[in-house]
1. Can you list, shortest first and in nm, the gaps between the label point of A:Asp128 and those of its counterparts in the other copies, using a point 7 Å from Cα in the C-beta direction?
2. Using only helices, what value at 222 nm comes out for chain A when you add -39,500 (n - 2.57) per DSSP H run of length 4 or more and divide by the total residues, to the nearest 500 deg cm²/dmol?
3. Using the Cα centre of the range A:79-211 as origin and beta-carbon charges of +1 (Lys, Arg) and -1 (Asp, Glu), tell me which of A:Gly185, A:Tyr196, A:Leu87 is placed farthest towards the positive end of the dipole.
4. Convert each backbone phi in the range A:300-305 into a coupling constant with the Karplus relation 6.51 cos²θ - 1.76 cosθ + 1.60 (shift: θ = phi - 60°), then list the ³J(HN,Hα) values in order as whole Hz, x for Gly and Pro.
5. Just to check I understand the Karplus step: with θ = phi - 60° and J = 6.51 cos²θ - 1.76 cosθ + 1.60, what whole-Hz values come out for the range A:42-52, glycine and proline as x?
6. Determine, for each peptide in A:211-219, A:182-190, the mean count of other beta carbons within 10 angstrom over its residues, then list the peptides with the highest first.
7. Grab the other residues whose beta carbon is less than 12 angstrom from that of A:Ile270, score K and R as +1, D and E as -1, and report the net.
8. Can you give the average number of partner chain beta-carbon atoms within 10 Å of each beta-carbon in peptide B:49-62, as a whole number?
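The values are calculated or read from the model by the stated rules, or taken from the named source; none is laboratory data. Computed from a prediction, not measured in an experiment: that's the story for all the values here. Here the Cβ positions follow ideal geometry from the backbone for every residue, glycine too, while neighbour counts run over all protein chains shown. Protein only, heavy atoms only, side chains kept; ligands, DNA and RNA dropped before computing areas. Shrake-Rupley method; radii C 1.70, N 1.55, O 1.52, S 1.80 Å.
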2 protein chains.
Amino acid sequence: VFTPGASVSEETRKKVLKAASSLGYRPNALARSLIAGRSRIIGVLVSYLSNQFYPEVLETLSQRLQALGFHLLLFIVDEENSADPLLQQAMDYQVDGLIMASVSLSSKLAAEAVAAGIPVVMFNRTSDISEASSVTGENFAGSACIASFFVAAGHKKIALIAGQENTSTNRDRESGFRTRLGQLGVTLARREVGAYSFTQAAEAARRLFGEGERPDAIFCANDHMAIAAIEVARNEFGLDVPGDVSIAGFDDIGPARWPSYAITSFQQPIDRMVDACISILLGSVIDNSPVVRHIVVPGELIVRASARVPPGTTEKDEQKIWRDSVKMPEMASGPARGKAKKER
Amino acid sequence: VFTPGASVSEETRKKVLKAASSLGYRPNALARSLIAGRSRIIGVLVSYLSNQFYPEVLETLSQRLQALGFHLLLFIVDEENSADPLLQQAMDYQVDGLIMASVSLSSKLAAEAVAAGIPVVMFNRTSDISEASSVTGENFAGSACIASFFVAAGHKKIALIAGQENTSTNRDRESGFRTRLGQLGVTLARREVGAYSFTQAAEAARRLFGEGERPDAIFCANDHMAIAAIEVARNEFGLDVPGDVSIAGFDDIGPARWPSYAITSFQQPIDRMVDACISILLGSVIDNSPVVRHIVVPGELIVRASARVPPGTTEKDEQKIWRDSVKMPEMASGPARGKAKKER
């Protein structure tokens, strides 16, 4: 009766449950984990919860894992500190797998996880570490698409507000954006760093609008920073968005759809990214041999009102989208450097 | 070396850790939990992650628990379904305590938790169940303060967008707002239900602006709904906020501070609420006897630009606040009905 998936009649089940309840019996999941060598716990390390992308990821992840009978042990990683001690603690609980969302993995800990037979999936990050799987959006191709979108709309003075500089997402987004601008014969006019922080992105926007030549289009490496840039443009510099400056973002989070922002953003489809993550993890758990996979989940450029719109938009799933005539291959630098095959 | 708080010299610690690492030894937290009868896991059930209040709570809670050597097993509760099956699962992991944030507790499960010696703290909710502790903000007094604020600013046609109707927070906020309006001789002109949902709050605002006599002030039972109401007022009805309509909220979440919204909101201080929650839980865990406590954490009405400002604002912690001349006692209806003493 207490073993998930075991065969028992409904009548027997009810009798046993009633008896158990009257005796105060409770199956001890910990004791069972020790016997089965499987805790049905997935350790999740996450950072940046103020960026609405991650609560959405956490919600979806938790619901899918719950439906499969797994549970989620949550670790919040401070942006300044190493995740290693927390990862150690997660492994002490004999987790069946580890998901690292917006958190970097050290090669030392990756090796320890592999030695302990614990599969590791990086979510929205990649790493050079060959033991860890990854699930990402189209960071390179999506950012390249935004470059084309700006150029097609006639923008000439294009700027970038970069994310946290040591992250794979920022490296790939910046590189996709710059590569495509270069192909189109446009130079990136200005660059500031917002480090994926609301406050730092607002500071970056203040520099772009208050000093030097003002850009007419800004790509923010995520929507959370794009909100900060729009606020500064409107409320501190009296600029019209997109009349005076076009602003685009990345992720397509909930607030990007709020009419005050209506952010043109390259989408990261959370549902499909979470599905990919779980399929890697559970594949490894069931086969009992971690298989390293790198999955890139494709997205679309969702067109809203925060950036000037060039010709060529189409409709998909009741949303306005824009596709580049040239589709850039997703050439993320991390695990794609010939080491591992990329799936889509 | 592997027992938290045990006395061991730094030199010995290093030697043992080195030996353990070379042997691939890892302390098994599950086995240790069985022996110690304590898992150092706190089960957290939460709902409504799209309301930024809860990710902020989760982040603070997780960081505080981590610092104390506890870990957080996360359960996301679907708004439509009962939390009982998830609560059962949490108890199966022999959690040391349970926190229920924005989730209702059935008396059956509360009794089971008590029988199992597991302390339960309701966070941002109260219940009539005598076994569960609670931590809330000043739902009654804070909402009463917003009523006074509207009346002091000269508003006559005052409306309410209520939250989820079967929750203690909504009951207390609505009752505080109505009670104070009544004392001031003002009738609540209109009432709609937004059920703490962005979409439903937008629908409620459409009814308030599109049908019948338009209110000149709206109290939304949380900030998440206030954002929806502001969006509808401006973008669908071309109304100026607060020129045509004042809008106030509750919680003081991050987005309430974004200049586009600048929501006048009664604050729920997450840091102090989390501290109160942890002190109840760990007090019970350490004493090994659950003590039921009800803590109300006081807040302030933070004055921003979304509502017309009456005279009498002051400054506190670099924020503009407003205090009512009459301070209503916090008279939440749940556990306060003479059953348990309320602490502040």
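1. So the distances to the same position in the other copies read 6.4 nm.
2. So the calculated ellipticity at 222 nm is -12000 deg cm²/dmol.
3. A:Gly185
4. After applying 6.51 cos²θ - 1.76 cosθ + 1.60, I find 10, 7, 8, 8, 10, 9 Hz.
5. In residue order, the calculated couplings are 10, x, 10, 9, 9, 9, 6, 5, 6, 7, 4 Hz.
6. Taking the mean over residues of other Cβ atoms within 10 Å, the ranking is A:211-219, A:182-190.
7. Cβ neighbours under 12 Å give a net charge of -4.
8. Per-residue shielding by partner chains comes out at 5.
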